[in-house]
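Beneath this line is the structure, given in structure tokens, with notes to follow.
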Ligand code: SF4
Ligand code: SF4
């Protein structure tokens, strides 16, 4: 358990008084030259960094309406100030969303607005000097890009957009974050965040097949690079190696087994996560999406399904169609080529929760819910799913479907307090490229609001299981739960709940159903 | 015409000129800047009609602000609506010729100045006394409130505390601005302060946070339809990249070696 001084969980969340510089510091480890160059960024801070940074800011504001409008529109009403879990957990005023934006906005004003050029003091315009850059690096890596602030801002100002923009500016001048950029280097080279090559992946999947067979007596496949499959399954690579993720993967396999739909994973695109979003780079994010596009084309699949990963689902649901044409409704030749191959009877891409939910609706899955009777389950809405995507193409489907899947597999379910779930959900504290040990203090403190809500549910409803559909949330919770006196094993994949209660049938004897 | 009248007449046109040019520039800039990715924020509407309803709720009711902070919402909301009512009430002054019936009926809108001042004072108090809001405030944020309070207070003094300027002159001056038939304005200090600050407000609109007014309509998190899977949304610059070189279809369709 990581040693970080934290207060006991409060009975309800109080808005802390500001404590200036409570989280001042150097920020997370910086990326080495080698890592930076792999992504096409300068290896170290360049000579004329200020000039290049300002030019990059100009480019960003001209390419992203979000950034341009958000920088202008903020009225400093303060509505967002108490909405960030990092502010609530650390009391550092620069973790208030608007103050975080202001680090960027003050430079924008200085260089790009009339008032800031001629009356900088009046409007709080500031130069991008060394101290400011240090603040950028430190505090834009204390934002998990969870977008909770945007839900409450009267203009929908999304601090995540600003922190992505700032991180990109920093990368362009050679100041990158080690954790995110190293992972991006791996995915570009090997195909997944872990850097797990094809043979290792194949072995893992074989082991899992054996394990399932030993446990259930039924042969369930976890196919890799199967060219005749209908579905390409893209899942976060954490699902391949760590608890509790791996039990989720077993869950998907069992669901596919029961559905009779043929599926495969790809060794070329064995990663759903896309850290390109975290560093705000359209280009890098697109490269990740293109890998999946290529895998889909090469394998000739007609459907693409995404596993339990929060930001991956946001990228898949909201951005894939844009980045690589995985989706529908294209009019351009580039995207149409792929879209003709994909089966338009299904949403493309689809979330595994949507897939499982459909099967439940059609009565294809049978559950023995008593298998989960020792569990009192609550569901953690992961930020990127909750605030940046949808499921089932019904309003608020991203809140409804996972809960319905859980309820189909479990008898006891209770939600956490209303102000901390669904669109107001609190981040786990480790999203947005912050899931690294060099940020452990921030991660623990930032988890406080979520932990407080969980505590309330534990006390009121006897909740002992926390289910999530995000690899980052699961890893983060496993790590920080003990700091708040919870059992680290109480965090589970939603598909682990499915897996435990699903009644398997031996498909080698009955023919796969064609009804799907 | 007196020198004061000439200066104020010029001020008025100057501020309007800045307003129109500046605001058009900003609106054109916002509409020309592409939104490359779909980023609607939850609860996101799945259809155009939903976006319309969302905008209505945001613009007329300040729905998100209501969720966020009841006090800020209360002060902000009554202030904005009072401002609208007072704006309507002032239209009569500028109407050339006989003031139409409807505008005559807006006499009672003058009482909106009370909620206006209450709202502004509340916002100012929050800015001063809540440590978080004090932290994020620049001098301009206080000045903006003081500017509005001064406009409101000077107007109220003239309306309720019997510092009436010569109303005949007010009408002819205001009408004259519209009809380009310029005339003398009342020289009461309080009146001059009132209109001078209004001119300032108009002039700084396009270069200050007052840009939140057009901004809210251009905010991609609020105005986008959540249908990314169904319709391919792509910005001009990204399309350019695709067609240029970076990813030719053939290259992408190549088999893995
Ligand atoms: S809620 Fe929006 S407008 Fe208000 S201070 Fe925060 S970012 Fe600015
Ligand atoms: S996006 Fe999330 S982490 Fe970042 S400032 Fe907003 S609330 Fe805080």
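Kindly indicate whether residue A:108 is within 14 Å of residue B:209 (Cα to Cα), within 16 Å of ligand 1 (Cβ to nearest atom), at pLDDT 95 or above and not in a helix (DSSP H, G or I).
no
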Residues within region A:70-83 that are more than 16 Å from ligand 2 (Cβ to nearest atom) and either over 13 Å from residue A:153 (Cβ atoms) or under 25 Å from the mean Cα position of the chain (by Cα) (or both), tallied: 1
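Provide a single number: the residues in region A:245-268 that are in a loop (DSSP other than H, G, I, E, B) and surrounded by fewer than 23 Cβ atoms within 10 Å (Cβ to Cβ).
Quick first cut of region A:245-268, residues in a loop (DSSP other than H, G, I, E, B) only: A:260-262, A:266-268.
Still in the list and also surrounded by fewer than 23 Cβ atoms within 10 Å (Cβ to Cβ): A:260-262, A:267-268.
So the count comes out to 5.
Do we have residue A:396 as surrounded by fewer than 22 Cβ atoms within 10 Å (Cβ to Cβ), more than 16 Å from ligand 2 (Cβ to nearest atom) and within 19 Å of residue B:40 (Cα to Cα) here?
Details: surrounded by fewer than 22 Cβ atoms within 10 Å (Cβ to Cβ): yes; more than 16 Å from ligand 2 (Cβ to nearest atom): yes; within 19 Å of residue B:40 (Cα to Cα): yes.
Taking the combined requirement at face value, the residue satisfies it.
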Flag if residue B:59 is under 20 Å from residue B:209 (Cα atoms), more than 13 Å from ligand 1 (Cβ to nearest atom) and within 10 Å of chain A (Cβ to nearest Cβ): yes
The listed residue being modelled with pLDDT of 95 or more and either surrounded by 18 or more Cβ atoms within 10 Å (Cβ to Cβ) or at the interface with chain A (Cβ under 8 Å from one of its Cβ atoms) (or both), out of B:255, B:209: B:209
Some residue of region A:119-135 being surrounded by fewer than 24 Cβ atoms within 10 Å (Cβ to Cβ), within 14 Å of ligand 1 (Cβ to nearest atom) and assigned to a loop (DSSP other than H, G, I, E, B): yes
Residues (surrounded by fewer than 17 Cβ atoms within 10 Å (Cβ to Cβ) and either modelled with pLDDT under 95 or within 14 Å of chain B (Cβ to nearest Cβ) (or both)) located in region A:359-393: A:393
Pick from region A:282-306, criterion surrounded by fewer than 22 Cβ atoms within 10 Å (Cβ to Cβ) and in a loop (DSSP other than H, G, I, E, B), ranking: farthest from the other protein chains (Cβ to nearest Cβ): A:302
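If only one of B:164, B:171, B:142, B:135 is away from every other protein chain (no Cβ under 14 Å) and free of Cβ contacts under 8 Å to residues at least 24 places away in the same chain, which one is it? Give the steps one after another, and end with the answer.
Details: B:171 fails: free of Cβ contacts under 8 Å to residues at least 24 places away in the same chain; B:142 fails: away from every other protein chain (no Cβ under 14 Å); B:135 fails: away from every other protein chain (no Cβ under 14 Å).
After applying the criteria, what remains is B:164.
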From B:71, B:77, B:81, residue being surrounded by fewer than 17 Cβ atoms within 10 Å (Cβ to Cβ), within 11 Å of chain A (Cβ to nearest Cβ) and in a helix (DSSP H, G or I): B:71
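Might you let me know whether region A:143-164 holds any residue that is assigned to a helix (DSSP H, G or I) and away from ligand 1 (no atom under 16 Å from the Cβ)? Let's see the steps before the verdict.
As a first pass, look at region A:143-164 and keep what is assigned to a helix (DSSP H, G or I): A:148-152, A:159-164.
This time we only want the ones that are away from ligand 1 (no atom under 16 Å from the Cβ), so: none.
Scanning region A:143-164, I find no residue that is assigned to a helix (DSSP H, G or I) and away from ligand 1 (no atom under 16 Å from the Cβ), so the answer is no.
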Checking residue A:212 against (1) under 29 Å from residue A:256 (Cα atoms); (2) modelled with pLDDT under 95, the condition it does not meet: (2)
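The values are calculated or read from the model by the stated rules, or taken from the named source; none is laboratory data. Predicted model, so just to flag it, every value in this text is computed and none were measured. Note that each Cβ is placed from the backbone with ideal geometry, even for glycine, and that neighbours are counted across all protein chains shown.
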